[in-house]
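See below for the structure under consideration.
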Amino acid sequence: MAALLPGLLLLPGCISPTRQYTPPSGAVTLKPLPKEPFWWGTSTAPFQNEDKGCAPGSKWYFKTDWDHFAEEGGAPPRGDDAVFSWSEFDKDLAALKKLGVNHFRFGVEWARVEPRKGEINEAALRQYAQMARKCREAGIEPLLTLWHFTFPDWLYPKDKSKANFLNPDVRTTWQAHVRRVVKATKSDVRIYVPQNEPNGALQLGWLAAHWPPGLLFHPGGYKKAMRVSADMFRDAASIVRQERPDALIMGIYSLPYWKKAKYLDPTRSVYNLMMHQNRDQLDMVADTCDLIGVNYYYSQQASALRFIFRPSGEHNSGYTQLGWEIVPTGLYHVLVDVYGRYHKPIVISENGIGTQSGQKSIRYFREHIAQMRRAMNDGVEVQGYFPWTLVDNYEWTEGWGHAQFGLFAFDKKTHDRIPTPSAYWYSNFIKAYPEP
């Protein structure tokens, strides 16, 4: 990232402050949300959690762009099993019941449903619908993420300039995919998330070469991919509302708190760049959102030097396993900023810490919830809080075992979910404070 900053600053508009948000002409008019009980939840992602459920060579075996990206050396291999959240979903459900949450977000793996273009796994669609139904029967409201970073491999050709968001077939096939998923799940799902953190995936895929499609500093492709991703978001929101008019749409974004570096970034070029990273795609779709999901993990100084010199490990109490600086007050500032800009109810859709220390994890959650309450006391409308994640799992380019975010540990032999100290703390907390 540090090597890219000088070039990125040459992108049109990136060195100037982001403009005040104004809804686009013809913006969607949404009714105010009715008052609901506070959403205490947690989340998972299909690629991080689900096993394939079938052997290589079988009719419905599938691969994603991330499977190929790992085979190309871009990430540690995930394997076909993950933590068995597909074939053993009931173990996830039992863990959710033990926590006592009233909401749960999980995702649909597009490649599982459509392993080859036009070939639809109807049994997989039925199982995703059944997962949502089981949650609802347990008194847990399901939130369904339609895209959580991964694409079917048939949208990931050898020519990476035509991969994923820039594949010529992506938008039409996406529209068909969304409609079939919503038709299958709408009787039990009311809250849909079209995309998870598209802003982060775009930057990591088209500028930093850190995620698929693995392109280094392709600003033209980045801007085109952002436009396509926003169009796909809007397509999904429209389809969801056609199929279920009372549905709620939530956009979810990675929103670190970027601190201005007075001396290391005197022109605020890096700071402005990172604020564009936070806001640009969301600005294109915010009018379609009933709620905005904030994924907040850390704060960072907005300077090129800070990207070069990053702390590692968690030997320092102020950092996580991934070297992320723990700044609970940053969550307060992000919530105030997002609410002031978009005037939409907010869900803290991810907030978590990679650590082996139960004490450190509990302190992290307690202090971030306190900052959430502070923002609510100052007038920010916060509807929910979701610690990331339910169970320790595969962490993208970090692989296995280097970022333990789970409220539950995973037993590789029994596949049991073992509660951590933070799981007990969170369960007791939400019982004691159903309304924060």
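The values are calculated or read from the model by the stated rules, or taken from the named source; none is laboratory data. Because the structure is predicted, anything quoted here is derived from the model rather than measured. Reconstructed Cβ throughout: ideal geometry from the backbone, glycine too, with neighbour counts over all protein chains shown.
Regarding the stretch 153-166, can at least one residue be identified that is in a strand (DSSP E or B) and modelled with pLDDT of 95 or more? Even if it seems obvious, please write down each step before you answer.
Start the filter on the stretch 153-166 by keeping residues that are in a strand (DSSP E or B), which leaves none.
Within the stretch 153-166, none of the residues are in a strand (DSSP E or B) and modelled with pLDDT of 95 or more.
Would you please name the residue that is surrounded by the most Cβ atoms within 10 Å (Cβ to Cβ), looking only at residues in the stretch 399-436 that are over 20 Å from residue 370 (Cα atoms) and β-branched (Val, Ile, Thr)?
Once the filter is applied, the top-ranked residue is 420.
Filter the stretch 361-384 down to residues that are among the hydrophobic types (A, V, I, L, M, F, W, C) and closer than 24 Å to residue 32 by Cβ and give me whichever is surrounded by the fewest Cβ atoms within 10 Å (Cβ to Cβ).
Checking each candidate, the answer is 376.
Can you pull out the residues in the stretch 138-152 that are of a type in the set (Val, Ile, Thr) and either at pLDDT below 95 or in a strand (DSSP E or B) (or both)?
Passing the criteria: only 145.
Is it fair to say residue 178 is crowded, with 22+ Cβ neighbours inside 10 Å, touching a residue at least 12 places away in the same chain (Cβ under 8 Å), of a type in the set (A, V, I, L, M, F, W, C) and farther than 26 Å from residue 224 by Cα?
The answer is no for residue 178.
Can you tell me how many residues in the stretch 317-370 are over 19 Å from the mean Cα position of the chain (by Cα) and among the small types (Gly, Ala, Ser)?
8
Residue-wise test of (1) surrounded by fewer than 23 Cβ atoms within 10 Å (Cβ to Cβ); (2) assigned to a loop (DSSP other than H, G, I, E, B); (3) out of contact with any Leu (no Cβ under 8 Å at 6 or more places or on another chain).
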{"site": "37", "(1), (2), (3)": "yes, yes, yes"}
{"site": "58", "(1), (2), (3)": "yes, yes, yes"}
{"site": "66", "(1), (2), (3)": "no, no, yes"}
{"site": "73", "(1), (2), (3)": "yes, yes, yes"}
{"site": "87", "(1), (2), (3)": "yes, yes, yes"}
{"site": "92", "(1), (2), (3)": "no, no, no"}
{"site": "104", "(1), (2), (3)": "no, no, no"}
{"site": "134", "(1), (2), (3)": "yes, no, no"}
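Any residue at all in the stretch 156-172 that's closer than 24 Å to residue 241 by Cα, crowded, with 22+ Cβ neighbours inside 10 Å and touching a strand residue (DSSP E or B) at 6+ places or on another chain (Cβ under 8 Å)?
No, the stretch 156-172 has no match at all.
So if I check each of 224, 259, 183, which one is in contact (Cβ under 8 Å) with a residue 40 or more places away in the chain, outside any helix (DSSP H, G or I) and more than 17 Å from the chain's Cα centre (by Cα)? Please lay out each step first, then the result.
Details: 224 fails: outside any helix (DSSP H, G or I); 183 fails: outside any helix (DSSP H, G or I).
On inspection, the qualifying residue turns out to be 259.
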